[in-house]
Amino acid sequence: MTDVGGVEHSGVGQDRVPMRGRGGGAAEVDRGGAATKGGWGGQAGESGGSGQGSGAGRLRRFRGPQNRNLWFWAFVGPFTIGLALFTYVPLAWSVYLSFFDAHNTVSPTDFVGLDNYVSMLGDHAFLSSLGTFLLFTAFIVPTTYLVSLALALMVNRLRFAQAFFRSVFFLPTACSYVVAALIWKLSIFNGVRFGLANTVLGWFGADQTAWLSTSDPPWYWLVIVTVRLWLQAGFYMILFLAGLQRISPRLYEAAAVDGARPGWQTLRHITLPQLRATSVAVVLLLVINAFQAFDEFYNLLSDARGYPPYARPPLVYLYYTALGQEQNLGLGSAGAVILALIIAVATVVQARWFGLGRKED
């Protein structure tokens, strides 16, 4: 211990007296009155530490437990950006173009209001295309529904190789509409004697038929419906198959005890009622897909001379309106908006009619 100026300074073992600083921090002062730590400097340290802690806490909440939020956006972010750039932005821009006179340009300046909509609703060709859609829907919706349901019932009853046949029937769904349409056009229904369809007819002594180049009788409907049926029946078969596998076997056992015969009675009173929700979803999807028909019509019926005046669905008509010789993008966009509204209204009406989403008793 050393005496300097009458003040004793403690050594290593000197006792220290704790004091409370103004910032609430503890300060240790030796007996000579010199503050050693904490105290008045602790307030600034605590405020700085709390700010860093809050920032780190926000970062941890953003990342989530084990960085789950970060990984979520790492996988979903690119898809979300692509969906916005290639789907929602073009949709919004199409609505914008529908209010302008947009000939050969995507950045018009001549605002016309609702004139494009009035012109489109008064266009006989556009209304005729809607009639083509209704006729196509009348053919393809019930046909696909019955064929896919029949396939699902057959596959569901199999006791072996069920996965094989399920894959075989579903496989055409992976085929491109363009490729399938060209196969139908060039190999099966090509209209010459060595085509598959005319070859089969020749076995029975029938004359060859120009399937796609004649409108009286309209044999082209057979070609269009069969290619769409081949492409999509397997997908809806999977939906029905999923619904069938959800039906409890106890229902069929109880029906058998009550005397119900397997076949039509169980199908009518057990299977179809239990498939009600699946059936509604299938019909909705079929109608929406019928509205969007384009690939098979365009690739089957068009040639070097262009598209024939018959069998023009709405999307084919809008394609020639927006990207044809006039390139009237404003008129084509107005037609696309009208078609989207028709699809939305038809979907809502069907959903309300069939009670989609309503709780079953």
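The values are calculated or read from the model by the stated rules, or taken from the named source; none is laboratory data. On a predicted model such as this, the values are computed, not experimentally measured, just so you know. Every residue, glycine among them, receives a Cβ derived from its backbone with ideal geometry; neighbour counts consider all protein chains shown. Ligands, DNA and RNA are stripped out before the accessible areas are found, and what is left, the full protein with its side chains, is counted by its heavy atoms. Shrake-Rupley method; radii C 1.70, N 1.55, O 1.52, S 1.80 Å.
A few notes on this one:
- Residue order by solvent-accessible surface for 151, 241, 222 is 222, 151, 241, largest first, with ligands and nucleic acids left out and a 1.4 Å probe.
- Label sites at residue 353 and residue 201, each approximated as a point 7 angstrom past Cα along Cα to Cβ, lie 3.5 nm apart.
- Protein-only accessible surface order, largest first, of 166, 268, 261 at 1.4 Å: 261, 268, 166
- Here's how it looks for residue 105: its modeled amide H is under 5 Å from those of 329, which are all 5 or more places away or on a different chain.
- A simple rule links phi to the HN-Hα coupling: the Karplus curve 6.51 cos²θ - 1.76 cosθ + 1.60 with θ = phi - 60°, which for segment 153-160 gives 5, 5, 5, 5, 8, 5, 9, 8 Hz, with x for Gly and Pro.
- Per-pair calculated FRET efficiency, R0 = 30 Å: residue 174 and residue 74 via Cβ, rounded to 0.05: 0.60
- In plain terms, the chain from residue 127 to residue 160 could stretch by 6.8 nm, reckoned as 0.36 nm per residue minus the Cα-Cα distance.
- Solvent-accessible surface ranking, highest first, for 264, 93 at 1.4 angstrom: 264, 93
- Solvent-accessible surface (1.4 angstrom probe) belonging to residue 105, in square angstrom, nearest 10: 40
- With K and R counted +1 and D and E -1, the other residues having a Cβ less than 15 Å from that of residue 267 yield a net charge of +4.
- A simple spin-label model places the labels of residue 304 and residue 281 4.8 nm from each other, with each point 7 Å out along Cα-to-Cβ.
- Heavy-atom accessible area for residue 118, with the other protein chains in place and a 1.4 Å probe, reaches approximately 100 Å².
- Euclidean distance of C-alpha centroids, segment 260-335 and segment 98-168, integer Å: 3
- Cα-projected label distance for residue 134 with residue 288, points at 7 Å along beta-carbon direction, nm: 2.3
- For residue 100, the amide hydrogen comes within under 5 Å of the amide hydrogens of 112, counting only partners 5 or more places away or on other chains and with H modelled in the peptide plane.
- Modelled FRET efficiency - R0 22 Å, residue 96 with residue 346, Cβ distances, 0.05 increments: 0.35
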